[in-house]
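Each remark here refers to the structure printed beneath this line.
The values are calculated or read from the model by the stated rules, or taken from the named source; none is laboratory data. Note that the structure is a prediction, hence the values are computed from the model and not measured. Here Cβ is always computed from backbone atoms with ideal geometry, including for glycine, and neighbour counts include all displayed protein chains. With ligands, DNA and RNA removed, areas are computed over all heavy atoms of the protein, side chains included. Shrake-Rupley method; radii C 1.70, N 1.55, O 1.52, S 1.80 Å.
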Amino acid sequence: MNPWTVLKQELDLWSAAGRTATLWWRDDDATHASGELDRLLAISERTRLPVALAVIPRDIQHSLNQRLCRCGSAWALQHGWSHANHAPGADRQEEFGPHRPLEVMLAELSEGWRRISALPRGLPVLVAPWNRMDPGLVGDLPRAGLTAVSTLGPRAAAEPAAGVRQTNVHVDIVDWGGHRGFVGETSAIGQVVAHLRQRRGRDVDADEPTGLMTHHLFHDEGCWWFVEEFLRRSQAHPAVRWLSAEEAFWP
């Protein structure tokens, strides 16, 4: 069956149940103004749908601040500190894992938040590089000024630690383990439908909005086409409501 038909059928079930399928959009690895960022923000502006930019604080260039000042549909989240891997050996890449002293990590995160907070519409949300971090660090995030966290996959709790909200992404459109281009309609839409179906059946947190993850600096033409097509088709369905980053974390 056509994957878009499968998506419509799932959303029709939400409509029939009188429920709203909330979604949000997170794009990772922003540091500077570029043609790719312009293309991403143009899609956001054309569709009138908000995007949350996960910005790498250490590498912010002044051009990013200038560009965001001209775009009212983008929010800035904190993408770690330098997106550097500190995991030893063959361990999976991780910047804020259990491999370094807590105070060192908190100092980096605190300085990172100072820089993110200076950007237009900066929010105190840590987007963990590679979508993973030491769970034990979450409760200490408020010490660095951060009050929310985002990784990949259905969340275990809306508030994993006192004073810390969590809202994840669930749809990765890049084939990182293969040709590093678009994963294809069947895979991308399949990820959307899988999370929506789990939410509808209450197998996961039904209140967590389904998150689309993009990476503007790595997109091929398939990725660019899918993002706009998915945004347009989904927003046309009466069961769908797209959220800003602020709404996604603090409903």
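Quick notes on this one:
- Trypsin sites (Lys or Arg not before Pro) lying in DSSP loop within the range 185-228, provided at most 16 other Cβ fall within 10 Å: R202
- On Cα atoms only, tilt of 221-235 relative to the major axis of the chain in degrees: 60 degrees
- Sites matching GluC sites (Glu not before Pro) across the range 158-251 that sit in DSSP coil, with at most 16 neighbouring C-beta atoms within 10 Å: none
- Hydrodynamic radius (Kirkwood) for the range 170-251, which is based on Cα pairs only, to one decimal in Å: 13.7 Å
- Taking a sphere under 11 Å around the Cβ of L152 and counting the other residues whose Cβ falls inside, with K and R at +1 and D and E at -1, yields a net charge of +1.
- Sulfur and carbon atoms: percent of accessible area, the range 103-244 [1.4 Å]: 49 percent
- Taking other residues whose beta carbon is less than 14 angstrom from the beta carbon of A30, and scoring Lys, Arg as +1 and Asp, Glu as -1, yields 0.
- Each peptide in 154-163, 72-81 gets a packing score, the mean of other Cβ atoms within 10 Å over its residues, and the list from highest to lowest is 72-81, 154-163.
- Whether the range 211-251 is rounded, prolate or oblate, judged on the alpha carbon gyration tensor where a/c under 1.5 counts as rounded: oblate
- The chain: angle of helix 35-47 to the longest principal axis, Cα-based, in degrees nearest 10: 50 degrees
- Shown here is the pair-distance distribution of the range 1-114: with all Cα-Cα distances grouped in 10 Å bins from zero up to the longest one, the shares run 12, 30, 25, 22, 11, 0 percent.
- Between E36 and E229, the contour length at 0.36 nm per residue exceeds the Cα-Cα span by 67.7 nm.
- Extension gain for the segment E246 to S73, taken as residue separation times 0.36 nm less the Cα-Cα distance, is 61.1 nm to one decimal.
- Inter-part distance where the range 221-251 and the range 67-118 are each reduced to a Cα centre, Å: 25 Å
- Backbone N within the range 146-178 under 19 Å of label point (7 Å from L102 Cα along the Cβ vector): 146-149, 160-165
- Shape summary of the range 79-158, radius of gyration then Dmax from alpha carbon positions: 12.2, 38 Å.
- The range 1-57, accessible surface, carbon-and-sulfur percent (1.4 angstrom probe): 52 percent
- GluC sites (Glu not before Pro) within the range 42-102, DSSP loop, no more than 11 other Cβ atoms inside 10 Å: none
- Fraction of the pair-distance distribution of the range 42-90 above 19 Å, Cα-Cα pairs, percent: 39 percent
- The chain: antiparallel DSSP beta bridges as a percent of all, rounded to 5: 5 percent
- The share of C-alpha pairs in the range 103-206 whose separation exceeds 25 Å stands at 34 percent.
- Globularity index of the range 4-57 is 1.54 (Cα radius of gyration / 2.2 N^0.38 Å, N = number of residues).
- Area projected by the alpha carbon convex hull of the range 82-124, averaged over all directions, nm²: 3.4 nm²
- Against the rule of thumb 2.2 N^0.38 Å, how large the Cα Rg of the chain comes out: 0.98
- Excluding ligands, DNA and RNA, the accessible surface per residue across the chain is 42 Å² with a 1.4 Å probe.
- The angle between the Cα long axis of helix 185-200 and the main principal axis of the chain comes to about 90°, on a 0 to 90 degree scale.
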